[in-house]
Structure formats: structure tokens, C-alpha cells
Amino acid sequence: MATSWTSTSGVSAELWPEQQGFLAGGPGRATEVAVVSLVEAGALRIARNGLVSAVQGLPRSWTPLQTFVLRSVPRPLGDLVVAGARSVEAQSLRQNLVESGYVRSAGSVRAVRWVRRVFFLSWIGLVLWSLFGDLTFGTVLSAFVGLMVATGVTSPYVRPLTRAGRSTVRRLGAGVVTSQPVPLVAYYGLLGKVGKQFVWQVLGIDPVAAAGLRRRRKGDGSSGSASCGSGCGSCSSSSCGGSSSDSGSSSSSDSGSSCGGGGCGGGGGD
Amino acid sequence: MVEGLGVGIGWRPEIDLTVERLDVDFVEVVAENLHADRLPESVRVLRGRGVPVLPHAVSLSLGGADPVDAHRVAHLGALAEALDAPFVSDHVCFVRAGGLDSGHLMPVPRTREALDVLVANVKAARADLPVPLALENVAALLEWPDAELSEGRFLAELVERTDCLLLVDVANLYANARNLGTDVGRFLDEIPLERLAYVHVAGGREHQGVYHDTHAHAVLPEVLDVLRQLKERVDPPGVLLERDDDYPSDAELAGELAAIRAVLA
């Protein structure tokens, strides 16, 4: 049986499933991965009513996020995922991914967004100048082209994931199969859909337990992940699905362009 | 004596799916944790499979000086009907006195006077229950002074005067043997085994020289040995494993059930 730090999908030998989950769906998703991997390892139980509790007598070494989860139970599944998403351990996971070059730092994303705003406002100023001043239309048009070029050039830098991060998520999606719960959850989230079934259904989780899971609203940064704070959460929509080998939806809809390419947008129940 | 129940386990919400997966013949639920009109899905699933579900109460306080709380008895009775249970059970103890709740199953003094009170309460409860009532011996860390009867004789007279059933907890008996010097053989010889409903088995551990019936640790071989001594006298209709905390893996629980079956074989 795979441990939490075993790369279960062959996506990236150096990334743990929790890290893969973080890339695909944010800190909540990473927590879902921690929970499901512990259940798979026989260290946690999820009762029909959603109460998650520890199984005694399994002295093992766990990842920091798994340790947080084990320390936090008994607790309802939904609350546990939210707590995990907000935990210091999830933040450390994120920091680790930033340092490894998979996730952009919140500061750099913010800075690029500000630069783009300044460009845009400058262009608006030029438009007004041309309307009420003596600026020529050609200058405004040139400025517009410049703005478009600047927007295009900076586009990759406002996404929470780096190229390596997006590539990792794409490869994760390509290798996901329903018989492997951990990568399945990492990619889709418990509230994600595989075909006509929710992932929680595929895993045999009771509907009452799953009802406690929450989708994170777009723009909800409560997870504490500044650069991975927006998105559809543990999304079940089929807004993206291009790169997946399964017919279901993607977990991340940050860019909407492909399941693999979005990344970090979902909250995985947060 | 009650017809064969087999080997069962205490159903608890935390391990509901585990209980559904385990090979058990019957389960017991803590009556105070369930509502007759809102049974947990897992309990309904088990009932649907034909698994008997026995309500086990902890709050009737039958040994107390206060009259039995009619609402608690009504709740227990409603639960028995909802579960189609053949009988219900509680303990030979008191949990309330003077408006205070002890939070523990407190032993009653083994005097004639206390027995009279207990008998009156049991008869009152039985009158309002739709099914027979079984009474369980408790584990005690102290004995009241001036006991007039041994624990076995006390239970025997209680059964004789109330016509109730017996639920023998061999783990409690073992605990009392360890902590209070109760003679296991004498206890088993004195109680009316023909009135035996079923048996409880549970784990515990010693802490600072005192054995605690924790229901949160593995069942000791010594407890199974008490079960073996009981089995030498009578084939128990049912034996139930109680676990209330620090739940181990499914495999470990299955192993404990198998150990019980081995004693009964």
C-alpha cells in the first residue's frame, strides 16, 4: 500500500500526493489527500455520519499534514478539511512548493497584477488624453498594442502555478484511475466528478459524510493560500476536462483552459 | 434462558461501518445515544440484514433512592419497539442522587434495604417496558461497608424477586476480582445462570495497582478465562464485545471476536 509520500501516480517522483493535491486544488485538496491516504493506510475511519476518527495501534511515521489530521480527530470530515486547509502544515506545504518552483509566491503574483493594473490605468489615461487633449489616435493605438503585449507577456506570471506546477497537474490527470483513491482525490477532490459519480461515491463515503464537505467559493482566500486562494474548490463542474484521461471534470478551473493547466485554484472542500 | 444470540459487538457511531463489515451475530446500542424515531442509517442497515439490535441503557439508576425516571424508561421501551429487540438492559447501580449525576455506574450497597429499593425500581421499570429487562453486574472500585450478601447472592435474589434477566459482564467480574477480591467461582455458582441473557466482554488495563475496565484496551486473556469459567457452567446465549474508545483496526476487532468464539467453541 502506498504511503503518503509515495508517488502513487508516477507523476513526479519528488512530489508527495499531498503536494500534487495542493497543486491541483489548493490546501483543502491537500488535506483531502492526507485524509484519504490515512484511510487507505488503515489509520483513519470515516463513519457514516462523517465523523473521522483515528484507528489505534498503528505506529507509523506520517507527513506533517497527516500528523495534523491525526491530531485533529475525532472531527466531522468537512470541518477537518477546512481545519487542515488553514493549518500551518498546509502553509508549509505551500511554501515548500513555492521554493521548489511549482507555485508562485503570493507576493510575486500580486506584484505582477499591480503592474498590469498600472499599465491598464495608464492606457485609460492616454485614451482620455486623446479625447480631451491633443494626443493622436495613433499613439493611443500603439499604447493599446503595447498593453496587449504586456498583458500577454505577464499572463503566465499571474497564475498561481508555474509551468512546472501546471505540467505536474496535467500529468497527474493523465494518470488518474478510479482504482487509486489517493491520486484520484488529489486530482479531482472528493467533490469532483468522475463520469457520473462523485469521487466520494467512488470511494464509498456515505452521502451524509460527504454532505459536510464544502466547496470553496471563487475568490475565497480563507484557506490562507494567497496565490492559490481562488477557484472552484473541490469542484464538480465540468468546466474543464481537456487533459484528463477520465471523462470527468477537473479539479482546477483557474484558467479554464485545461484540467492539467489550471492548478491550485480549488480548495478541496474548503 | 434466552435463545442463542451468538457473538456480537457494541455498535458505536465511530465504528459503524466496521461493525457492518465484521462478522457479528448481534449488536448492542447505547440506548441514551439513539432516538427511536431517528435510527442511524447503520443500525437500519443491520436491522435490514436481520441482525438483532439490543438497547443497553446506562441511566435508569435502578439502584438509586429516587423513583425511576418514567421518561427514561419510556425512551428505552420505545427504542426496544423500534428495534424489535427481544429485551433491553441496564445496570445494577445508581448514577444519580440528590439531584447530582455521578457520570459513573456506582455500586449499590449489598444490604437487604438497598435490595428492596432496587427491586421496587426494577419492578416499576419493568411494568412500563414492552420487553424483558436484563440487569448487568458493574465493576466497582470500592465496596460499601456492612454488606449482608455476596455479589452473587445479591444478584440471585434480585432476579428471583423481579423475574428479570441477567447480563453478566465477565470483564467487570474480573475487575472486581482484581480490585476487591471477588471470588469468580463463587459468583458464577451463586447467580441463576438459567436467567442469563448474554455476556459482556471488554478490555481494560492496570493503572497504579488498580485494574480499570476501560473498554478502550485489548481484552486480557484473564477476562477470556473468566468467560471460559462461565462457559464451563452454561452455554451463554450470546457474548458481546464492548469497545467504547481508542478503536483499533477492523482486523484487531475481528481478532478479539475470534478469540471469544474460540472460548465458546
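Just to verify a number: FRET efficiency for B:LEU193 and A:GLN56, C-beta to C-beta distance, R0 = 41 Å, to 0.05?
Values: r = 34 Å, r/R0 = 0.84.
For R0 = 41 Å, the calculated efficiency reads 0.75.
Calculate the spin-label point distance for A:THR67 paired with B:GLU222, positioning each point 7 Å from the Cα along the beta-carbon direction, and give it in nanometres.
Placing both labels 7 Å along Cα→Cβ, they lie 3.7 nm apart.
If I take every Cα pair under 8 Å that is 6 or more residues apart in chain B, average their sequence separation and divide by the length, what percent do I get for the relative contact order?
On the way: 518 pairs, mean separation 49.6, N = 265.
About 19 percent, as a whole number.
Mark the label point 7 Å from the Cα of B:ASP101 along Cα→Cβ and return the residues of the range B:48-75 whose backbone N is within less than 18 Å of it.
Hits in the range B:48-75 for B:ASP101 at 18 Å: B:56-75.
How many nm separate the modelled label positions at A:SER92 and B:ASP84, each set 7 Å beyond the Cα in the direction of the Cβ?
Between A:SER92 and B:ASP84, the simple spin-label model gives 5.4 nm.
Taking neighbour Cβ counts within 10 Å as the exposure measure, how do B:GLU113, B:GLU41, B:GLU14, A:GLU18 sort from fewest upward?
Details: B:GLU113 9, B:GLU41 14, B:GLU14 21, A:GLU18 28.
So the ranking, lowest neighbour count to highest, is B:GLU113, B:GLU41, B:GLU14, A:GLU18.
Would you list which aspartates and glutamates come within 15 Å of B:LYS123, measuring only between C-alpha atoms, while excluding same-chain residues fewer than 8 positions from it?
B:ASP66, B:ASP69, B:ASP90, B:GLU157, B:GLU160, B:ASP163
Filter chain B for me: DSSP H helices, axial length by Cα at least 20 angstrom, mean Kyte-Doolittle hydropathy not below 0.5. List them by residue number. Spell out each step's value before the answer.
Values: long enough: B:112-128 (24 Å, 0.14); B:250-264 (21 Å, 0.91).
For chain B, where a helix must reach 20 Å along its axis and average at least 0.5, the hits are B:250-264.
How far apart, in nm, are two points set 7 Å out from the Cα along the Cα-to-Cβ line at A:PHE132 and at B:HIS207?
Result for the modelled spin labels: 7.8 nm.
Using Cα centres only, tell me the gap between the range B:185-247 and the range B:82-109 in whole Å.
Distance between centres, Cα-based: 19 Å.
Fewest to most neighbouring Cβ within 10 Å: what's the order for B:HIS35, B:HIS217, B:HIS104? Mind showing how you got there, number by number?
Working: B:HIS35 11, B:HIS217 17, B:HIS104 14.
Listing B:HIS35, B:HIS217, B:HIS104 from fewest to most nearby Cβ atoms yields B:HIS35, B:HIS104, B:HIS217.
In deg cm²/dmol and to the nearest 500, what is the mean residue ellipticity at 222 nm of the protein assembly as shown if only DSSP H runs of at least 4 residues count, each as -39500 (n - 2.57), divided by the residue total? Don't skip to the answer; put the middle values down first.
Values: 19 runs with 236 residues, N = 535.
About -14000 deg cm²/dmol.
So for A:TYR102, A:TYR187, B:TYR247, fewest C-beta neighbours within 10 Å to most, what's the order? It would help to have the intermediate numbers written out before the result.
Numbers: A:TYR102 28, A:TYR187 34, B:TYR247 20.
The order, fewest Cβ neighbours first, is B:TYR247, A:TYR102, A:TYR187.
When only Cα pairs under 8 Å and 6 or more residues apart are kept, what is the percent relative contact order across the range A:106-158? Each step should come with its number before you reach the end.
Values: 25 pairs, mean separation 27.9, N = 53.
About 53 percent, as a whole number.
Here, each number is a calculation from the coordinates, and none is a lab measurement. Because the structure is predicted, anything quoted here is derived from the model rather than measured. Cβ sites come from the backbone with ideal geometry, for glycine too, and all protein chains shown count toward neighbours.
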